[in-house]
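Step one of this worksheet: look at the structure below.
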Amino acid sequence: MKPLEERKSNVFNCRLEPPVAIKFRNHCVKQGKKMSEVFKGLVLAYNAMMDEAQGRIIHTLEFKGVDKTASPPKSEVTPISPKFQRVKIFGLALANTLADPPCDLPPENEYDLPEILWPANGHRIAAFRVEDNSMSPKYTHGNTVVCDCDAEVMNGNAVVIKFDDRVVIKRFKRTGDTIQLKSENPKGRSYKIHIKEVKWMLKVIGYFAKD
């Protein structure tokens with residue numbers, strides 16, 4: 001198993017979507033601590049808790065005479081540990097060639113793509129590379145946005161959406177059967193489409209800043 005710090009190097013660089021980020025920042029301000037230090041402490045505490053829980057499970061299995069080395073059933077998302085999973089980063093042009101969103105880890109020999117690590121919480125996750133500055137200053141060129149394939153999209157969410165043979169990252173708003181896709185950057189292009197034009201759409205739940 002990889003060292004703890006190596007396994008979590010990408011997770012520490014993650015940005016969370018409001019309102020979680022706002023509450024977290026306010027907590028750090030009250031405590032007089034840096035957000036990065038508090039976040040690292042939370043992840044380390046979570047890791048220790050999970051290791052302790054795993055140890056108790058193994059002890060129980062040994063007590064009951066169960067083979068703890070038996071392979072678990074395969075899932076659609078390939079985990080690297082009980083706590084994190086690999087997620088491949090798709091460019092928007094490549095994502096546009098897919099009939100369905102890339103929510104399941106493709107075979108290693110199908111796409112030679114970079115990867116990130118994301119906490120394994122039972123949800124399917126997809127990641128995309130930001131290829132312009134239409135959503136800056138938050139999502140800038142070269143950043144990676146992370147999407148929850150199983151989350152419901154609500155008005156005001158940032159989304160990765162495919163329609164009319166294109167995939168874009170925009171701010172979502174639906175009124176009746178009309179969807180408005182707005183850029184954060186005033187110079188970026190916005191769209192107004194009918195709900196029937198949407199081929200697939202995913203909610204953005206976080207992002208990684210460009211290294």
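What pairs from K162/K187; K83/K203; K138/K182; K138/K162; K30/K203 go past 19 Å between their alpha carbons?
Result: K162/K187; K83/K203; K138/K162; K30/K203 exceed 19 Å.
Treating only the Cβ atoms of Lys and Arg (+1) and Asp and Glu (-1) as charged, compute the dipole magnitude of the range 84-208 about its Cα centre; round to the nearest 20 debye.
Approximately 660 debye in magnitude.
So if each residue of separation counts as 0.36 nm, and I subtract the Cα-Cα distance between N96 and H194, what length gain in nm does that give? Working shown, then result.
Working: separation 98, 0.36 × 98 = 35.28 nm, distance 1.85 nm.
Here the answer is 33.4 nm.
Once R0 is set to 25 Å, what does the formula 1/(1 + (r/R0)^6) return for the Cβ-Cβ distance between K187 and H123, expressed as a FRET efficiency to the nearest 0.05? Each step should come with its number before you reach the end.
Numbers: r = 34 Å, r/R0 = 1.35.
Step by step, r from the Cβ atoms, then E = 0.15.
Counting other Cβ atoms within 10 Å, keep those with at most 10, restrict to DSSP loop, and tell me which trypsin sites (Lys or Arg not before Pro) in the range 150-204 are left.
Here the trypsin sites (Lys or Arg not before Pro) that fit, given the DSSP loop and packing criteria, are K187.
Taking the Cβ of D165 as the center, what net charge do the other residues with Cβ under 12 Å away carry, scoring Lys and Arg +1 and Asp and Glu -1?
Residues near D165 contribute +1 overall.
How much net charge surrounds D177 when only other residues with a Cβ under 14 Å from its Cβ are counted (Lys, Arg +1; Asp, Glu -1)?
+3
Treat the count of other C-beta atoms within 10 Å as a stand-in for reagent exposure and order I193, I169 from fewest to most.
I193, I169
The range 84-208: Rg/Rh from Cα coordinates, Kirkwood Rh?
On the way: Rg = 13.9 Å, Rh = 14.7 Å.
Across the range 84-208, the Cα-based Rg/Rh ratio is 0.95.
FYI, it's all coordinate maths here, none of it is from the lab. These numbers come from a predicted model, not from an experiment. For neighbour counting, all protein chains shown are included, and Cβ atoms are generated from backbone atoms with ideal geometry for every residue, glycine included.
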